[in-house]
């Protein structure tokens, strides 16, 4: 380490480099400062040949794995956590000194895989799906690659001006569940050097959560979702009233709910309950004959979820309006730097971003490249390309803060919902200016791929930079090397999509299901071919979001609950309730805080284990293993409930043990 001059006004107290400061996850008091693990007054090895090379290798591996799993089952696993586990493990095996900064860079580069995959597979496979009924549509590698690459680059550049607001100014105000879990994993390598208590607890909880999720996903020894629909009385209830109660029994989701906390978990669940226990029963009872004959799940995916999409879109607009000061501040900083009016003070390493001049310059180059891509490679019409470029630029920039906000709150980016609304709005505009038919569908999907990837990257990047903030990395280095990770991931994903289409296809009996891409194709085709669009459902969601905002309810969190299925939101509420319970049983605030923090570490381990063993489960299914245990439905459900209760008891009881070490 080399000593580095700090800003005169920055005051940092000595802290234990083997654990996070006690104010890492809470709001700071007046005049209180946060000092990260890596001291801001020193330089640490970060972007080294080792960290960059390993990060790129993991980006390739996890891009391929995530693309296959996402297209097969519709779920893209979060690559950041398993990559962090690999980074910590290798640095320990190689006995690397000062490995924390390098591990952050490995995670940051490697995590490009998950966000690029999400942006690409939610949209671009729809081209192959549409090609099945419209043979004149052609697809090539360059279109897929450039769509993902440009989207990822725009997501990085658009978010950099907002970094300080989200990761520094809002310190302690957002839960950042995924960033919390990843940070705990990276810190486990530090704590293992002194007292291995935290590392041991993280490993144990990761093994419990990981093995738990692996067994249920691979062998089905108990139900991964417990639901009233699986019982005779529940089926009767669903048939007559369309009411269903369901809960995913996964360890990772339970841990996620714990970190999110009761406040946001309750709002998210309220949105889900409103859709499943009010909207769907009303539609099923008083809707048309075709709707009343549908199962609750079908009503949700076909109709009710569209209300959630409209709500997310309007909540995004509300968020943009509320963020206008931050947007103006970022624009003002760029103008001041161009005029030479930037502060002459030397920036502390820990808060050093890429120069705003360089950000704006690269942004201009990227936007010109996107315009040329639309004009020469997609639409071949100057006026239409200009309109498409404006749509992408405006939506991607404005919704950057919405994507980051969603990740900061719930750890889940509603990118598919925002992209679907983008496609609907863009397609309506395109039809109005003459872009329709099969050529319109190709244009809409490629343009949608750029927006989807940009929003996915913006949401993922806030996680990377928050991790770096907690640990004390140099933001400029994270931001700079993110571009290379994006390039490698975009190339890998493009090749994998072409390969999977040739091997499996996305239509037909044995094809990969690609649920999001099928949904995108199903929405775009009628618009471009003159069919019906459920505008009334979108408008209903938009009006609801306005009312929620007026009442002071977090509209984005509520509408996220309306969009995400009930069985995924219920465990969030359970985890949030556990977090409240363990942090409120003692009369001592110190004991309550200790219990909450111990629970956060356990929950982080459960998330990490679930993510890592999720990869193992995907690989197991990839090689063709099918070891699902056959048993009666009621028994499978009963076992799921019993084991899930046991997992809850473990999380509560182990979190409460913190009292023994603090009293």
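Values quoted throughout were computed directly from the atomic coordinates according to the rules given, and no laboratory measurement underlies them. Remember, predicted model here, so these are calculated numbers, not experimental data. Neighbour counts are summed over all protein chains in view; Cβ atoms, including those assigned to glycine, are modelled from backbone coordinates with ideal geometry.
For the pair residue 41 and residue 480, what calculated FRET efficiency results from E = 1/(1 + (r/R0)^6), where r is the Cβ-Cβ distance and R0 = 25 Å, to the nearest 0.05?
Efficiency, rounded to the nearest 0.05: 0.70.
The listed peptides 244-257, 201-214, 274-287, ordered by packing as a protection proxy, come out as 244-257, 201-214, 274-287 (highest mean of other Cβ atoms within 10 Å first). Simple spin-label estimate for residue 232 and residue 302 gives 2.9 nm between the two label positions (7 Å along the Cα-to-Cβ direction from each Cα).
How high is the relative contact order of region 31-146, in percent, counting Cα pairs under 8 Å that sit 6 or more residues apart? Numbers along the way, then the final one.
Working: 107 pairs, mean separation 38.6, N = 116.
Relative contact order comes out at 33 percent.
Using the alpha-carbon positions of region 371-482, Rg (one decimal) and Dmax (whole number) come out as 16.2, 52 Å.
Only alpha carbons enter this Debye calculation for the chain, each as an equal point scatterer, and the log10 of I(q)/I(0) it gives at q = 0.05, 0.08, 0.09, 0.12 Å⁻¹ is -0.22, -0.57, -0.74, -1.38.
As a calculated quantity, the FRET efficiency between residue 581 and residue 369 at R0 = 45 Å, using C-beta atoms, amounts to about 0.30. With contacts taken as Cα pairs under 8 Å and at least 6 residues apart, region 145-253 reaches a relative contact order of 16 percent.
Can you tell me the FRET efficiency between residue 355 and residue 133 if r is taken as the Cβ-Cβ distance and R0 is 41 Å, rounded to the nearest 0.05?
Details: r = 49 Å, r/R0 = 1.20.
Rounded to the nearest 0.05, the efficiency is 0.25.
Can you give the log10 of the normalised intensity I(q)/I(0) at q = 0.11, 0.18, 0.20 Å⁻¹, computed with Debye over equal Cα scatterers of region 223-327? Log10 of I(q)/I(0), two decimals: -0.46, -1.00, -1.11. Working note: Debye formula, equal point scatterers on the alpha-carbon atoms of region 461-600, no solvent; log10 I(q)/I(0) at q = 0.11, 0.19, 0.21 Å⁻¹ is -0.90, -1.17, -1.17. Working from label points 7 Å from Cα in the Cα-to-Cβ sense, the residue 328 to residue 362 distance is 2.8 nm. Here the spin labels are modelled as points 7 Å beyond Cα on the Cα-Cβ line, and at residue 224 and residue 285 they lie 3.4 nm apart. Pairs of Cα atoms nearer than 8 Å and 6+ residues apart set the relative contact order; for the chain it is 31 percent.
Starting from the Cα gyration tensor of region 61-185, multiply each eigenvalue by 5, take the square root, and state the resulting semi-axes largest first in whole Å.
Numbers: eigenvalues 211, 72, 36 Å².
Whole-Å semi-axes of the equivalent ellipsoid: 32, 19, 13.
Put simply, when 449-462, 352-365 are sorted by average Cβ atoms within 10 angstrom per residue, most first, you get 449-462, 352-365.
Extension gain for the segment residue 551 to residue 26, taken as residue separation times 0.36 nm less the Cα-Cα distance, is 186.4 nm to one decimal.
In plain terms, the residue of 550, 634 with the fewest other Cβ atoms within 10 Å comes first and the most crowded comes last, giving 550, 634.
Go ahead and collect, in residue order, the members of region 477-502 whose backbone nitrogen is under 16 Å from a label point 7 Å along the Cα-Cβ direction of residue 518. Hits in region 477-502 for residue 518 at 16 Å: 501.
Which residues does the label zone of residue 657 cover in region 580-612, counting backbone N under 16 Å from a point 7 Å along Cα→Cβ? Once the point is set 7 Å along Cα→Cβ of residue 657, 594-606 turn out to lie under 16 Å by backbone N, inside region 580-612. Computed over the chain, the per-residue total of -39500 (n - 2.57) for DSSP H runs of n ≥ 4 gives a 222 nm mean residue ellipticity of -22500 deg cm²/dmol, rounded to 500.
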